[in-house]
Every structure is written in structure tokens, then in C-alpha cells.
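Input: a single structure, listed below in C-alpha cells.
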Amino acid sequence: MRTTFLAAALLAAVACSPKMTVSSPDGRIAVRFALDASGIPSYAVDVDGAALVEPSVMGLLSDEVNLDRGFSLVSSRTKSVRETWHQPWGENKEVEDSHRELTLHLENEAGVGLDVVFRVFDDGVGFRYRYAVPGADTIRIIGERTRFAFASDATSWSIPGDFNSYEHLYRKMPLSELRDTNTPLTLKFSDGLYAAVHEAALVDFPEMVLRHDIGLTFQSSLAPLRQQRRRRGAPLTEQLDVKAVVPGTFETPWRTVQIGRKAVDLVNSSLILNLNEPCALADVSWIRPMKYIGVWWSLHLGLESWGGEGHGATTENAMRYIDFAAANNIQGVLFEGWNDAWRGSDALPDFDFTRPAPDYDVEKVAAYARGKGIYLITHNETGGNYRRFEEQLERALDWDASLGIHAMKTGYAGGGLSGGAPRHSQTGVRHFQKVVEEAAGRQIMVDGHEVVKATGLRRTWPNFMTRECVRGMEYNGWGPGNPPSHTVTLPYTRLLGGPVDYTPGVFDILYTCTEGRPQLRTWGRPATECREHTTLAKQMANWVILYSPMQMACDLLENYEGHPAFQFFRDFDADCDASEALQGEVGEWIAVVRRAGDRFFLGAATDESARTVEQPLTFLRPGVRYTATIYGDAPETDLETNPAACEITSYTLTSDDTLTLRLAAGGGAAVSFIPE
Ligand code: CA
């Protein structure tokens, strides 16, 4: 159990000092700030009077100037904010920001100014550091002191603290056994409280992962500027230890702890967005959520290729996709492998972002797409050679815009960035930001693959629509696949940061594991070892659950043509107005509803356990009759032998009704509610 905090004793101690505590608007969450005898700052978090985070040290480390100790408190100020702001797209277009802010202005013996800024919301806490180092143009940051000393053990869900990839399966384990983790790190405490540690507004700084310190204490660990190749016993060189180079006056991303009484409270929290800066773009009218299809899954199945024999992105194929999109209420098409083949070496790949493949007539395809009102999504795969991309960036984006291409998927496949920087280093963060800003200048929307994790920057740069940063669908194409619990873990973990381009929607579920299936190439595994671990209905539910303003139906067109269940995707709207995670448990199941105009779309999904979900329809508009079409698991649906069996039923329902959904093991349900 969490230990009770002796509020009275602390209040007495600070009665004559500047304000050192700040509470959430509802008074349930409190943050306490303190300075120890060495002038090292610390914070603690209480929920309902009990400690969630015990006193934990704060601050950054530099080898050039003392950033971490000898501080004294000069002044403090508080502020209350209660406002509603709007975004051009999102789970919720209207967002309420209600918080209390406490800023502590500190100075140390080296003359370094440090503002520690806390914001406390009803759904959690954020804090950041704002440093001013007199006379310094730049400072090398060699580490971060920030600790998270949890007051009690918890069940944790996490991926490893890998600075190059998020494409890992989630691990469920006691917090006391966790040694390293990326964020969001999601926790469930024995008293039923949920929390998630993450960061917000990651700009010009390396990403934070957490490493075990002692007991239940974790320490921030920043991605280094260069890959670390430490030899045992060798002294750490200065170069290896540098995490960031920052100006003399700078601020860090927010360190965040989202807090909820139910698992779905974390999903419904807007804390990460609220800690980001308002929109930086004057005109956002060109930014549009979309559904999309494309030449992609066929590449992972080995049916078509990115170039050479079996090339998928041909002019003829592109026209076919554009026609299908136009006929099925789909707004975008993606053609991976549209540009001339991968050159250079694996270590230093070389792409040309304005040279189409010989059998892809980009001008013809772009004009055809424009004529049908379809967005062409270009794919700029860099192989991690970000410098080559930056050299061509302005010219390539100008060229895209001149063709009417206003959406771009990026890729950084490989082990890291050219020049030896980890993908999630300050170098990577700067590069991805540069791409987004240059794209915004040309009205181009971005879908980033193998980029740094989502930290809410979409509020400031709403053209940064979505990103991968997940072990996505592709792993089901050429590997043993993601387990049923994976996509019911993601809403409570990965998606707390923001939208995910997971690319759901495989209808031919067993294709990957069909022996003797035709393939141009294999990925070194027998086909029978590769497969999906969901039912068809769960694939559809994931269009609703795994939020992305660019939502893909990833399967081959022939698997959608004539399939009655595809009507759900035709009706579905990627441009929702409001959302609510209704019920669920981390890694077990979830039910989510999204409203788009006067329509509602519900997705429910389960792990490897069959489950019956009773869902009151109180989210519907009272007094309105809706045609509810349920695309669910059929009685004969079986995850192993008959996963594509799907039952479609329709009823007239109102907000007074309760829907009973029977989810098969690894199953789900997608429901559309259309006013009659
Ligand atoms: Ca990937």
C-alpha cells in the first residue's frame, strides 16, 4: 500500500517559506517540492493524501557547469488555468486544459538560474526545467538526475529502453523486477490506481528512457548523441557521454505522470497535448484526416516488390488503387517503392526523392489522383541516411507540392541514423522536427515511420499526423506475429503519446500461414510460422481503437472487393470529433467509441480470452434512433482455424439500449451507428 503523507508536518515546516506545494484543481493530486541540505531539488507526488512518488531528485548534469546542486530558492509563483482550446483534428477536437502551475525560481553558487515548473491537472502531473547559464553559448548535457521513486510496487507494462526502436512486444512484470523501459511506462498499483510515466513536447533534446536505480526508484536516461560502444574497463570518453548540446538558456521537455482511477482514464487523458505549445501554423485548413489504402501489405507478404521483379508501384497498379479509393469513400493512396531503387550500401543507403521508378509515371498518377480528389501519399524511405534526405529535403518537398502531393510517409529502416546517431537522439529529434516544419511550409502532412516517439507535438504542428513507433502489422507478414494481447495493450501504453500508424485491416487472416502460398520472396521463415493472431472482426475494431488521423485498410484490394464487411470502412470516418474509451483493462480488452458528425463508431477487442462486453449506449444522442450495424465474431469464429468468420447484424437502437458483444478469443467487434 502507498504510505500516508504527513501533510500537517510539512505545512508547519514551510509556513514561512515561498509556496512549495501545488494541488490539482480537484485537490486530489498534490506535488511537493523541496531542496535538501546540498541544494539539490526534489519533488514528490501524492494522490488522495497517499504517496505515489516519494521524494525524488531533479535536474540535469553537465561536465562544464554545475546544473544540479547548490541551489537556493529565490522566488515562487503560482497560476491557475482553465480554458478550452480547439485542434483541427484529434480524438477530441475540443480539449479542456484545467491545471495549477507552480514555478520555483532557483539559483546556485555558479550563478545558474533554474526554473522548475510544475503543472498539476486532475489527470496527472508534468514538470520541466528551464535553465539560464550566464555567459554560456552552448552547454553539453551529460545526463539527467531526475528520479521517479515509486512508493509501492505495481504491475508494469513496458517495452525496453532502446534508443533506436519501439518495435518490441510489451512486457508485463512487477515494477520491482523492471530494469529498463521506454515510455510511456504504464503501472497498476495494488490499490487500483493507474499511472503512466512519459514525456511531452520533446523538442531539440534527446528522448528519455528509465533505468532502474535502487528499490522502486527509476532514473531518467537520455539517448546519447552517438551510439555507445563501451569496451569493458575502458574510460568513458567525453564524446561518448554527451547526450545533448543546448544553448545557454534552454528548457527541457516535460516529464509526465498521468494518473487515473480506471485504466481507461489514462486513455481519455489529454495531459500530453495540454503540455504542448499551441498551434504554430496560421492556416490549418489544408490539414485533413483521411482513410487510405496502398501498395504495402503485398510487399510484406512477398507478393510484390519495392523494385525490380514484381514491382508493385507501377503506373497501372496505382491507377487501380486510385479508382478503388474513389469508389469506396477512401481519401488517400500510398505507393511504397515508387522511387528508383535503393542505391549505395546498407550502411549508407542513397535514395533520390525526385526520381520515380521507370515504370511509375508520377505525373500521370498524380494528375489522375488530383482529378479524382484523392491524396497521393508519397513514401520517402531514407534507410536511416537522414543527411542525404536533408540535402534533398527542400527540393524534394517543392517537387512533391508542385505535383499536388500533400502527404508523405517517411522511413528510417535500419539500425540507426547515418553518422552513428541513435534514432531517438537529439540529432534524430532535430531532424524529424526539421522535416515536419519544412513539410508544413509546403502544406504537406507527415506520417513518420521509425521516428521518435509521440509526445504531443501534433498540437503545435498538426501536419505531423501520425507515426509508427510500434511493432505494427508488418510483423504479422514476415514473422510469428503479434500476440492477441498486443493491440489491447497499445491503447494504454504507446497511444498515450499520440496516434499510431499500425495499419490494421487484414481480411485474409490465414493467408500468411498458408503453406505453398505464392511468393516472390520470403523473409527467411517458413510461411506457416507467419500469421495474424486476431479474428477479422478484431482487425476492424482496430480501425476504431488504434487511433490515427491517417487510418489504413492495409489488405490487398481483392480481399475487400465484394466483401460485405468492408462496408464498415466505407462508412468509417477518420476525421472524428470526439472520443471516449468506455471500458477495459490494460492488455486484456478495451471498448472505444468515436463520434464523427452525427455518426458513432465503436470498437471492442479482447486478448486471447473470449469475453462478453455489456456496453450501455449512453454516448448516443438522446431521442435519436440509430441503425447499428455490428461486425462481430460469429459463433463458428475460431482464432486458430476460422478467424475470418464474421457475422454482420443490424438493429435499430437508442441511447436507452445496452449492446451485448460476444468477442471470440483474439476477437473483437466494430459497430457503426448511423441516424435513421
Ligand atoms: Ca517499421
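The values are calculated or read from the model by the stated rules, or taken from the named source; none is laboratory data. Just so you know, these numbers come straight off a predicted model, no measurement behind them. Positions of Cβ are backbone-derived with ideal geometry, glycine not excepted, and every protein chain shown enters the neighbour counts. The area values use the complete protein model at the heavy-atom level, side chains included, leaving out ligands, DNA and RNA. Shrake-Rupley method; radii C 1.70, N 1.55, O 1.52, S 1.80 Å.
If only one of 608, 614, 636, 640 is in contact (Cβ under 8 Å) with a residue 24 or more places away in the chain and in a loop (DSSP other than H, G, I, E, B), which one is it? Full working, then the answer.
Details: 614 fails: in a loop (DSSP other than H, G, I, E, B); 636 fails: in contact (Cβ under 8 Å) with a residue 24 or more places away in the chain; 640 fails: in contact (Cβ under 8 Å) with a residue 24 or more places away in the chain.
Of the residues listed, the single one that is in contact (Cβ under 8 Å) with a residue 24 or more places away in the chain and in a loop (DSSP other than H, G, I, E, B) is 608.
Quick check: anything in region 536-548 part of a loop (DSSP other than H, G, I, E, B), of a type outside the set (Ser, Thr, Tyr) and on the phi > 0 side of the Ramachandran plot?
Taking region 536-548 first, the residues part of a loop (DSSP other than H, G, I, E, B) are 546-548.
Now restrict to residues that are of a type outside the set (Ser, Thr, Tyr): 546.
Those left that are additionally on the phi > 0 side of the Ramachandran plot: none.
No - not one qualifying residue is present in region 536-548.
Yes/no matrix, rows are residues, columns are (1) at positive phi; (2) among the polar types (S, T, N, Q); (3) outside any loop (DSSP other than H, G, I, E, B); (4) not assigned by TED's automatic domain parsing to the domain that holds residue 257:
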| residue | (1), (2), (3), (4) |
| --- | --- |
| 165 | no, yes, no, no |
| 183 | no, yes, no, no |
| 191 | no, no, no, no |
| 196 | no, no, yes, no |
| 202 | no, no, no, no |
| 219 | no, yes, yes, no |
| 226 | no, no, no, no |
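Tell me, which residue of region 152-174 that is farther than 27 Å from residue 533 by Cβ and surrounded by fewer than 21 Cβ atoms within 10 Å (Cβ to Cβ) is farthest from the ligand (Cβ to nearest atom)?
152
Considering only region 467-487, state which residues are of a type outside the set (Ser, Thr, Tyr), in a helix (DSSP H, G or I) and near the ligand (Cβ under 10 Å from one of its atoms). It would help to see each step written out before you state the result.
Here is the first cut: in region 467-487, the ones of a type outside the set (Ser, Thr, Tyr) are 467-474, 476-484, 486.
From what is left, the residues that are in a helix (DSSP H, G or I) are 474, 476-478, 486.
Selection gives 474 alone.
Taking the conditions exactly as written (in contact (Cβ under 8 Å) with a residue 24 or more places away in the chain and open to solvent by less than 10 Å² (accessible area, probe 1.4 Å)), does residue 216 satisfy them or not?
It is false that residue 216 is in contact (Cβ under 8 Å) with a residue 24 or more places away in the chain and open to solvent by less than 10 Å² (accessible area, probe 1.4 Å).
Collect the residues in region 495-532 that are closer than 15 Å to residue 642 by Cβ and open to solvent by 40 Å² or more (accessible area, probe 1.4 Å), keeping them in residue-number order.
Matches in region 495-532: 508, 510, 511, 514.
Conditions tested, residue by residue: (1) at pLDDT 95 or above; (2) within 25 Å of residue 145 (Cα to Cα); (3) among the small types (Gly, Ala, Ser).
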{"residue": "246", "(1), (2), (3)": "yes, yes, no"}
{"residue": "249", "(1), (2), (3)": "yes, yes, no"}
{"residue": "261", "(1), (2), (3)": "yes, no, no"}
{"residue": "265", "(1), (2), (3)": "yes, no, no"}
{"residue": "271", "(1), (2), (3)": "yes, yes, no"}
{"residue": "282", "(1), (2), (3)": "yes, no, yes"}
{"residue": "292", "(1), (2), (3)": "yes, no, no"}
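Go through 628, 581, 665, 645 for me and flag whichever is open to solvent by less than 50 Å² (accessible area, probe 1.4 Å) and farther than 26 Å from residue 489 by Cβ.
After applying the criteria, what remains is 628.
Filter region 643-653 for residues that are part of a strand (DSSP E or B) and either at pLDDT below 95 or in contact with a Leu (Cβ under 7 Å, 6 or more places away or on another chain) (or both) and give the result.
From region 643-653, those part of a strand (DSSP E or B) are 646-653; that's our starting set.
Result: 646, 653.
Somewhere in region 455-466, is a residue within 14 Å of the ligand (Cβ to nearest atom), out of contact with any strand residue (DSSP E or B) (no Cβ under 6 Å at 6 or more places or on another chain) and part of a loop (DSSP other than H, G, I, E, B)?
We begin by selecting, within region 455-466, every residue within 14 Å of the ligand (Cβ to nearest atom); these are 466.
Narrowing the set further to residues that are out of contact with any strand residue (DSSP E or B) (no Cβ under 6 Å at 6 or more places or on another chain) leaves none.
No.
I'd like to check something: does region 441-453 contain any residue that is more than 28 Å from residue 555 (Cα to Cα), over 11 Å from the mean Cα position of the chain (by Cα), surrounded by 24 or more Cβ atoms within 10 Å (Cβ to Cβ) and in the same structural domain as residue 407 (by TED's automatic domain parsing)? Outline the logic, then answer.
If we filter region 441-453 for residues that are more than 28 Å from residue 555 (Cα to Cα), which is where we start, we get 441-443.
Retained after the next criterion (residues that are over 11 Å from the mean Cα position of the chain (by Cα)): 441-443.
If we keep only those that are surrounded by 24 or more Cβ atoms within 10 Å (Cβ to Cβ) as well, we get none.
No, the conditions are met nowhere in region 441-453.
Would you call residue 359 touching a residue at least 12 places away in the same chain (Cβ under 8 Å) and in contact with an Asp or Glu (Cβ under 9 Å, 6 or more places away or on another chain)? Can you show your working first?
On the way: touching a residue at least 12 places away in the same chain (Cβ under 8 Å): yes; in contact with an Asp or Glu (Cβ under 9 Å, 6 or more places away or on another chain): yes.
The answer is yes for residue 359.
What number goes with the only condition from (1) farther than 19 Å from residue 566 by Cβ; (2) of a type in the set (A, V, I, L, M); (3) open to solvent by 10 Å² or more (accessible area, probe 1.4 Å); (4) at pLDDT 95 or above that residue 318 does not pass?
Every listed condition holds for residue 318 apart from (3).
Does any residue of region 409-418 turn out to be within 14 Å of the ligand (Cβ to nearest atom), in contact with a Ser or Thr (Cβ under 9 Å, 6 or more places away or on another chain), within 21 Å of residue 285 (Cα to Cα) and at pLDDT 95 or above?
Yes, there is a match, as at least one residue in region 409-418 is within 14 Å of the ligand (Cβ to nearest atom), in contact with a Ser or Thr (Cβ under 9 Å, 6 or more places away or on another chain), within 21 Å of residue 285 (Cα to Cα) and at pLDDT 95 or above.
Out of all the residues in region 619-675, which are among the polar types (S, T, N, Q) and within 30 Å of the chain's Cα centre (by Cα)? Let's see the steps before the verdict.
Filtering region 619-675 down to residues among the polar types (S, T, N, Q) leaves 627, 629, 637, 641-642, 649-650, 652, 654-655, 658, 660, 672.
Correct list: 629, 672.
Of all residues in region 167-181, how many are in a strand (DSSP E or B) and touching a Phe, Trp or Tyr at 6+ places or on another chain (Cβ under 6 Å)?
Looking only at that region, the number is 1.
Do we find that residue 491 is more than 16 Å from the ligand (Cβ to nearest atom) and open to solvent by 10 Å² or more (accessible area, probe 1.4 Å) in this structure?
no
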